[in-house]
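Everything below concerns the one structure shown next.
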Amino acid sequence: MGYRVLALESSCDEFAGAVIEDGIEVLASVVASQAGIHARYGGVVPEVAGREHLRNLAPVMQATLESAGLDWDDLDAVAVTQGPGLGGSLLVGVNAAKAAAWARGLPLIPVHHIAGHLYANWLRPARDDWDDAPPPFPLVALVVSGGHTELFWMQDHERVERIGQTRDDAAGEAFDKVGRLLGLPFPGGPEIERAANAATPERIAALDPLPRAWLPGTHDFSFSGLKTAVLNRVRKAEHAGEAVDVPAMAARFQQSVTHVLAEKTARAAEELGAACVIVAGGVAANGALREALRERCSVPVRVPPPRLCTDNAAMIGAAACYRQSPAPLDIDVFSTSGPEVFSAGR
Ligand code: KG4
Ligand code: ZN
């Protein structure tokens, strides 16, 4: 019998539970999403999210163990997202994990949310086309989520360095804001991808390309100029009394974001001599981004299946297995960037 971790994730508007064995096998993964609730407000309302988590935590934990066919006695540790994220949301998951760890006498392993996203790449469902081998080091990792756009240089599990980050909006944030500008429902990311897929090449060609911020000499990103450019185009169309071609604009926006992300990630991988590129976070679910990266990178590109890209607890359980450091039961959560790169703990 392997090493089994019960993992909880509640950093934003998903309460998720999972059981992971030996850092690779997903024995269960349950996600209670609140997207439908927050869609009404056009974004996540923190207090509503925390209170929904409170309602969901017991059913999700129970469903997770049932789905794994396991009992509390079969577990070796409890892992939980400590941060970054919404304070009130994090508190619910961390408190639940503490209670479980204390009651069952299990070690509590706090996990940095971004480390969680990255370690989704170590789970077996992410290894389909890789003959079960873990991602080879050294590697360049691109994290693109609602709150983060970061490039990491990972020489091994211990030596992880952040080499680039966004100077303003995160990639997912840009998708969500532009989605709103184009009148699409929240969250904008998947909606923009759907709209872009519906655009014909002729309609796209009829629109001028949108700008790309290269920030030469750095591995950093910037997406606020792009967002403003879309806003200006929408306003201009409104003033002229013309309808905005939403699918074509969505496609142009997606092209700009994916072009910059793919190009800058590939350059970092070339400069540093990476053996592979891994991608993680909600925006990694985007098909155009996957395609752009695979086309541009000269080393293999690995992306987890979409359900492991958006927030889930399986990734938290995986990270806990590779970056194990149990914490005392009085740890706090951290809501902003938190401890150095992505160690978690005190
Ligand atoms: O990782 P995630 O689930 O939560 C955070 O940690 O932030 O990422 C959520 C973000 C949202 O901004 C959402 O719009 C974006 O990921 N997203 C996508 C797609 N699916 C989710 N963006 C572009 N294309 C998608 N298919
Ligand atoms: Zn996330």
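The values are calculated or read from the model by the stated rules, or taken from the named source; none is laboratory data. Since this is a predicted model, take the numbers as computed values, not measurements. Here Cβ is always computed from backbone atoms with ideal geometry, including for glycine, and neighbour counts include all displayed protein chains. Note: accessible area is taken over every heavy atom of the protein model, side chains too, but ligands, DNA and RNA are not part of it. Shrake-Rupley method; radii C 1.70, N 1.55, O 1.52, S 1.80 Å.
Accessible surface area normalised per residue over region 136-303 is 43 Å², counting heavy atoms of protein chains with a 1.4 Å rolling probe.
Residues whose amide H comes within less than 5 Å of that of Phe221, counting only those at least five positions distant or on another chain, are Gln165, Thr166, Arg167 (H built at 1.01 Å from N in the peptide plane). Give the aspartates and glutamates reachable from Lys177 as a straight Cα distance under 12 Å; neighbours fewer than 8 places away on the same chain don't count. Output for Lys177: Asp169, Glu191. Taken as Cα centroids, region 223-252 and region 147-188 sit 21 Å apart, rounded to the nearest whole angstrom. Counting protein heavy atoms only, the chain has 51 percent of its accessible area on carbon and sulfur, 1.4 angstrom probe.
Ordered from largest to smallest accessible area (heavy atoms of protein chains, 1.4 Å probe), the residues Asp330, Asp156 come out as Asp330, Asp156. Helix content alone sets the calculated 222 nm mean residue ellipticity of the chain: runs of n ≥ 4 DSSP H residues at -39500 (n - 2.57) each, divided across all residues, give -13000 deg cm²/dmol.
Our coupling estimate for region 46-52, obtained by passing each phi through the Karplus curve with A = 6.51, B = -1.76, C = 1.60 and θ = phi - 60°, is x, 5, 4, 4, x, 6, 5 Hz, Gly and Pro reported as x. List every residue whose amide H lies under 5 Å from the amide H of Phe137, counting only residues 5 or more places away in sequence or on a different chain, with H placed 1.01 Å from N in the peptide plane. Counting only residues 5 or more places away or on other chains, the set is empty. Near the amide H of Arg302, within less than 5 Å, lie the amide hydrogens of Val277, Ile278, Val279, all on another chain or at least 5 residues away, with H placed in the peptide plane.
Counting only alpha carbon atoms, the long axis of helix 188-197 and the longest principal axis of the chain meet at about 50°.
Between Ile37, Ile24, Ile316, the Gaussian network model of the chain with springs among Cα atoms under 10 angstrom shows the greatest mean-square fluctuation at Ile37. Applying the criteria of a DSSP loop state and at most 10 other Cβ atoms within 10 Å to the GluC sites (Glu not before Pro) of region 130-234 yields Glu158.
State the three equivalent ellipsoid semi-axes of region 136-303, derived from the C-alpha gyration tensor as the square roots of 5 times its eigenvalues, in descending order and whole Å. Walk me through the intermediate numbers first.
Numbers: eigenvalues 182, 43, 36 Å².
Over the Cα atoms of region 136-303, the ellipsoid semi-axes are 30, 15, 14 Å.
Longest stretch of the chain clear of exposed loop sites (chymotrypsin sites (Phe, Trp or Tyr not before Pro), DSSP loop, at most 15 other Cβ atoms within 10 Å, sites excluded): 42-213.
If you take the alpha carbon radius of gyration of the chain and divide it by 2.2 N^0.38 Å, what ratio comes out, to two decimals? Working shown, then result.
Working: Rg = 20.2 Å, N = 346, 2.2 N^0.38 = 20.3 Å.
Compared with the compact-globule rule of thumb, the chain sits at 0.99.
Phi angles of region 265-272 translate, via the Karplus equation with coefficients 6.51, -1.76, 1.60 and θ = phi - 60°, into HN-Hα couplings of 5, 4, 4, 4, 5, 5, 4, 8 Hz per residue; Gly and Pro are given as x.
Can you give me the relative contact order of the chain as a percent, contacts being Cα pairs under 8 Å and 6 or more apart?
Details: 777 pairs, mean separation 87.3, N = 346.
Relative contact order for the chain comes out at 25 percent.
Among the trypsin sites (Lys or Arg not before Pro) in region 1-52, those located in a DSSP loop and surrounded by at most 13 other Cβ atoms within 10 Å of their own Cβ are Arg40. If you find the alpha carbon centre of region 265-322 and of region 90-113, how far apart are they in angstrom? If we compute the Cα centre of each part, the gap is 28 Å.
Using the Karplus relation 6.51 cos²θ - 1.76 cosθ + 1.60 with θ = phi - 60°, the per-residue 3J(HN,Hα) values for region 211-223 come to x, 10, 9, 8, 6, x, x, 10, 9, 7, 10, 8, 10 Hz, with x marking Gly and Pro. For region 1-111, a Kirkwood hydrodynamic radius built from all Cα pairs, placed in the Stokes-Einstein relation at 37 °C and 0.692 mPa s, yields a translational diffusion coefficient of 235 µm²/s. Surface listing: Asp132, Asp74 arranged by accessible area from highest to lowest gives Asp132, Asp74, probe 1.4 Å.
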